[in-house]
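Questions regarding the structure given below will be posed in turn.
The values are calculated or read from the model by the stated rules, or taken from the named source; none is laboratory data. These numbers come from a predicted model, not from an experiment. Cβ placement follows ideal geometry from the backbone for every residue including glycine, while neighbour counts extend to all protein chains displayed. For accessibility, only protein heavy atoms count, side chains too; no ligands or nucleic acids. Shrake-Rupley method; radii C 1.70, N 1.55, O 1.52, S 1.80 Å.
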Amino acid sequence: MKKQQSNSAKRKWFIIIPILFIVLILPLILHMKIIKLSPDLQSLWNGSSMVSDIFSYYKMVFLLACSSVLLIGIIFNVKYIREQKWNIYILILASYALLTVLSTVFSKNMNIALFGFVDRFEGLFTILSYILLSISCIVFINKKWEIGIIYKGLAISAAIIGLISIFQHLGYDIFRTELMKRLITTSGFSDLSNIIFNFNSHAVYATLQNPNYVGSYMAMLLPIAITLYMTAINKTQLASYGLLSCVVFLALLGSLSRAGIVGALVSIGLLGIFYRKRIKNQKLRTASLLLCLILAFATTNFVEAFNLKEGASQYLTDKKYDKIVNAAPIDNIELSQDTIKIKTGKVELNIALVGNHLSFRDQNNNELKIKQDGESITLRDELYNKYLITIPSKGGIIRVAVDNREISFAYTEKTGFRVSKGNGTLAEIDYAKHFGFAGNER
């Protein structure tokens, strides 16, 4: 009997170790991969035949490797699985896996469906790995010491990413040092400026590529860190998890991800409801954590202000982004053989090709007076003061800017008007079937 239990415990390590590696190591992986794009990917990307990835590709590879070991562990423990009852969570995850497989089978682009798109790599294999990881945690990670191992791995990873994030927000980015550049990049390639430095010097992206990703990650971890603090059983745990809560909290604020901050506030509110008895009985512990969070915020904010009003968009070096996100929404664009129809709010602009000239009309087909200055055309009607049409002297492309957002259109005798994408290809605009939400297209 003891030998049987010993073998069972050994087999279970095939489950625990890959899960631990995923929560501990995977978020920290950062290394360059030069990827050759297929023609399909080139047409959907920017036309480049090669792309450099630092944040996602090797994370995917590591996830698939750990998932393979996890799958072997599940096979070794198949007898244990048969003894378990399927709960609603496993049924939901299994249904999601089935729908994902069906979606892939009927996909028009199998390569993208299987491996994911450039910069993300979250195709079928990655999604099935997520599902396998979730189900494995539900079925196998049920003893206190097993949960403790996973939480400790998660805490170490969160602390490292949190500290990197805080220092980045303060202007000390470890990835801008020569040593880290050499470690991250492949041999013979040392210029990272166009890959990860599209943000300003105080941007918080850590090992997760984007301030919003950091915010979402920390928003999930903050309630876990607080829970670990509230349930700590000794002074060492209390100090460690209290410090972790402060680090995660500051990294969340430093990301300036408003969605992440709102999500964290909601989850903390729910924690307050679930742990109301413990909070009532541990007033000193609760007050100590709140005081530490306030002091940490006040100290860091004194050094570098957290401007939450603008959100993560302020990190972008291209300030045109601010104007774009605050622009009035474009409700609809319709293209036909000889007409471009753009609707914004109550205003509709019709650009029609009449012979070799362009005609500009409103929704009632009334001709609009124009003012032309070289290649630029503006409309004299005040309702259309946010429109700027540019017709290059060489012809072929019509650029229409609507409240700082520019869309390029091209005309061919065969297809009529089409959208001209940044990679030089032409695309139709398909009518998207929908219900409700009219006026909320943005």
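Viscosity 1.306 mPa s, temperature 10 °C: Stokes-Einstein D of segment 55-155 from its Kirkwood Cα radius, in µm² per second?
Estimated diffusion coefficient is 105 µm²/s.
Taking GluC sites (Glu not before Pro) as candidate sites, keep only those in a DSSP loop with at most 13 other Cβ atoms within 10 Å, then name the longest stretch of the chain containing none of them.
84-303
Here's a follow-up. Given the C-alpha atoms of the chain, compute the convex hull and give its volume per residue in Å³.
Convex hull of Cα atoms, per residue: 218 Å³.
Mean residue ellipticity at 222 nm from the helices of the chain, using -39,500 (n - 2.57) per DSSP H segment of n ≥ 4 over the full residue count, to the nearest 500 deg cm²/dmol?
-16000 deg cm²/dmol
Moving to a separate point now. What residues from segment 17-45 fall in the zone where the backbone N is under 16 Å from a label point 7 Å along the Cα-to-C-beta line of M180?
Answer for this model: 27-32.
Among Y130, L270, H202, flag the residue with its Cα farthest along the positive direction of the charge dipole of the chain, charges on Cβ as +1 for Lys/Arg and -1 for Asp/Glu.
Selected residue: L270.
Counting other Cβ atoms within 10 Å, which chymotrypsin sites (Phe, Trp or Tyr not before Pro) in segment 105-153 have at most 10 and lie in a DSSP loop?
Working: sites: F106, F115, F117, F121, F125, Y130, F140, W145, Y151; in loops: F106, F117, F121.
Loop-located and lightly packed - F106.
Got a number for carbon plus sulfur as a percent of the chain's accessible area, 1.4 Å probe?
It is 61 percent, rounded to a whole number.
Past the 27 Å Cα-Cα mark, which pairs from K36/K341; K152/K181; K108/K346; K144/K277?
On the way: K36/K341 38 Å; K152/K181 29 Å; K108/K346 37 Å; K144/K277 22 Å.
Those over the limit are K36/K341; K152/K181; K108/K346.
Continuing with the same structure: What does the charge dipole of segment 105-161 about its Cα centre add up to, to the nearest 20 debye, if the Cβ of each Lys and Arg holds +1 and the Cβ of each Asp and Glu holds -1?
Working: 5 positive and 3 negative charges, 31 e Å.
That gives a dipole near 160 debye.
Provide the gained length on full extension for the span L71 to S376, in nm with one decimal, where the gain is 0.36 nm per separating residue minus the Cα-Cα distance.
Working: separation 305, 0.36 × 305 = 109.80 nm, distance 6.09 nm.
Gain on stretching L71 to S376: 103.7 nm.
Additional query: Which residues does the label zone of I17 cover in segment 63-83, counting backbone N under 15 Å from a point 7 Å along Cα→Cβ?
Flagged as within label range: 65-77.
Still on this structure: Would you mind computing, in nm to one decimal, how far apart the modelled labels at R82 and E406 are, each placed 7 Å from Cα along Cα→Cβ?
A separation of 6.7 nm, rounded to one decimal place.
A further question on this structure: Would you mind calculating the relative contact order of segment 69-215 from Cα pairs under 8 angstrom and at least 6 residues apart, reporting the percent as a whole number?
Relative contact order, segment 69-215: 15 percent.
Which Cα, out of A259, T236, V23, lies furthest along the positive dipole direction of the chain (beta carbon charges, K/R +1, D/E -1)?
Of the listed residues, the answer is T236.
Place a +1 charge on the Cβ of each Lys and Arg in segment 31-95 and a -1 charge on the Cβ of each Asp and Glu, then give the dipole magnitude about the Cα centre in debye, rounded to the nearest 20.
Taking the Cα centre of segment 31-95 as origin, the dipole is about 220 debye.
Could you check which residue among I127, I72, I161 shows the biggest mean-square fluctuation in a GNM of the chain with a 10 Å Cα cutoff?
I72
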